[in-house]
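Colleague: I'd like to ask some things about the structure below.
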Amino acid sequence: MEKLLIEASWEVANKVGGIYTVIKGKAPYIQKNFNEEYYLLGPYIPEVSYLEFSQITPPDIFKDVIEEAEKFGIKVYYGEWLINSRPKCFLIDYSSFLDKVNALKYELWANYRVDSLRTGDDYNHPIAWCRASSIFLKILGEKLSNIPKVLHLHEWLSGSIILFERLPFVTIFTTHATVLGRAISESGGNLWEKLYSIKPDEEAYKYGVEAKHMIEKITAKKADFFTVISNVLKTETEIILERKPDFILPNGIDITKFATIEEITYLHRKNRDLIRDFILYFFSPFYKVEVSKSLLYFISGRKEIRNKGIDIFIRALGELNKKLNEKDPQIYAFIFVPSETVGPDPLIFNNLNVYRNLEEKIEDLLPEIKGRLVHYLIHKEKIQSETLFSKEEFLEIQQIIKQLKTSKTYPISTHLLKPEDEILSLLKTVGLLNKPEDKVKVIYYPIYLRSGDGFLNLSYEDAISGCHLGVFPSLYEPWGYTPLETALSGIMTITSDTTGFSDYLKTITEFNSEYPGIYFIRRKNRRDIEVVEELSEIMLKIARLSRSARIQNKLEARRIASLCSWDNLIKYYLDLYYVSFRK
């Protein structure tokens, strides 16, 4: 071993958010360049790790280090992360440090004035893991004192590793979003209006994120290299963290896991028809619905109403509902946002099962029906449901249909929700109640999509592939994987100018004015009412596109998103590591 690169993150073999996707996606490319000199470091969390990680015998070079760490009460698991490239990693069991977490907090206060009086487990666990990891890395660094070593840390959750110990590594700290920026935006504030006038440390106390903010700020200043993922975030960190980034590392994506252009068309038709069947089941017990020429819009992501622009999407749908005329297609808008539920709506679940039973019955009778139809057509006899089926068959069908149930209100969600659910309240406020006359009907899908969920029965990837448009009007999104993945799936996409993804695209490519594929709305320094109006107009324009124009847009969305493949963007990381090892 001539050198050592260790990448540390709370999300190594522990899926929490977008950083998991980043590290998982780029790991094969780093492995290709560093081979057995690249390792990952993450937390050992029994209920998660057994699914994501396979323990193996460590090489001799690490055995002494692992044994030495055990003397400090640190259990180190060495093995492979169970992703395609199977990178080697160290998972640190930090459980013995949770009892000492108050002492660890005091240490950070005494040395750096990190005020953690108002913190909970979401702070305690990462801090305990960081302390255990810092001891392990110090032992490892001293053992391998004769080779250059680089330690790459992601987010505040791993930042205090270098605050607890002075480590013999060149250190890199990457922030993917600032704690304070996210807090301001989610609370309803406009970060871009306040950014140049705020006092960050004071503001952090207002939003109750002072401990995480200070860890992030101090780590950014202490690391040898400080990096961010976009120019949008660069502006933010210069003010909030008071350090100018040394490198910008745009987030790539592994395009090999996405369908090819040829496959996209097939998957779209197949899954579009399945979704339309579901819509038919969902609404038709209440009234007749038109699905054959309908368009399917969606939004997805974490339930950050303000940050993800869910509020803007719902309000824009309300405006779109007023603007569509009788000649325009029916719009069905899905909100794929996991939320707290009471359970599946028994009425919806019952009706879905009734329709599926009816389909099975008709399927069984098809050979008989086909023969009768041929007979009636040849003899020019009048065809009626009573004559198409035998009396017994017709009675059975009627008995199935009678099992359908309705209620005084029209369905909105597949699941029962708490009355205070914010998304449900927003839908009611803007008048999206799924009345028969509404041109925009909404289906709130508050669970993670999976192939056996009992409703759509589609994975997330399959569900969105059947849609026509993904809408992501984020207010705070330092990168934006969801719109990137949507566009790469060959789906027209709307995103905002506050995302790092959109900012990066504008620097590397020209957009087709007639068929942009990816549409951008302006959110910086604009009132919500203006953003809602612009978004509703774009959604209206897309609703009125010809079929050929929609196809051209799909192809263009795929082309542009492909520019963000790791094949193109891994160079930014490799340049950073090259400079780090030279240092």
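Colleague: State the antiparallel share, in %, of DSSP beta bridges confined to the chain, rounding to the nearest 5.
Modeller: The answer is about 20 percent antiparallel.
Colleague: Quick check: residue separation of residue 103 and residue 1 times 0.36 nm, minus the Cα distance between them. What number comes out in nm?
Modeller: 33.0 nm
Colleague: Related question: Return one number: the angle in degrees, 0 to 90 and rounded to the nearest 10, between the long axis of the Cα atoms of helix 18-34 and the longest principal axis of the Cα atoms of the chain.
Modeller: Helix 18-34 and the main axis of the chain meet at about 60 degrees.
Colleague: Continuing with this model, one more query. Label-point separation (nm) for residue 269 and residue 393, each offset 7 Å from Cα along Cα-to-Cβ?
Modeller: Going by the 7 Å Cα→Cβ label model, 2.9 nm.
Colleague: Hey, rough spin-label estimate for residue 322 and residue 360, points 7 angstrom out along Cα→Cβ, what's it come to in nanometres?
Modeller: Once both label points are built, they end up 4.7 nm from each other.
Colleague: List the GluC sites (Glu not before Pro) within the range 321-410 that DSSP assigns to loop and that have no more than 16 neighbouring Cβ atoms inside 10 Å.
Modeller: Filter output for the range 321-410: 326, 340, 381.
Colleague: Report relative contact order for the chain in percent, whole number only (criteria: Cα-Cα under 8 Å, sequence separation at least 6).
Modeller: Over the chain, the number comes to 15 percent.
Colleague: Can you give me the distance in nm between label points at residue 402 and residue 370, each placed 7 Å from the Cα along the Cα-to-Cβ direction?
Modeller: Label-label distance for residue 402 and residue 370, simple model: 3.2 nm.
Colleague: Could you tell me which of the pairs 105/194; 149/244; 370/435 are separated by over 32 angstrom between their Cα atoms in the structure shown?
Modeller: The answer is 370/435.
Colleague: Further question: Counting other Cβ atoms within 10 Å, which trypsin sites (Lys or Arg not before Pro) in the range 117-177 have at most 11 and lie in a DSSP loop?
Modeller: Passing both the DSSP loop test and the Cβ count: 118, 166.
Colleague: Once R0 is set to 25 Å, what does the formula 1/(1 + (r/R0)^6) return for the Cβ-Cβ distance between residue 420 and residue 122, expressed as a FRET efficiency to the nearest 0.05?
Modeller: According to the calculation, E is roughly 0.65.
Colleague: Report the residues of the range 22-46 in range of a label on residue 147: point 7 Å along Cα→C-beta, backbone N strictly under 18 Å from it.
Modeller: 30-41
Colleague: Given 0.36 nm per residue, what is the gain on full extension from residue 435 to residue 246 after removing their alpha carbon distance, in nm?
Modeller: 62.6 nm
The numbers here are math on the coordinates, done by the rules we state, and not lab data. No experiment lies behind these values; they were computed from the predicted model shown. Cβ coordinates were reconstructed from backbone atoms using ideal geometry, including for glycine residues, and neighbour counts include every protein chain displayed.
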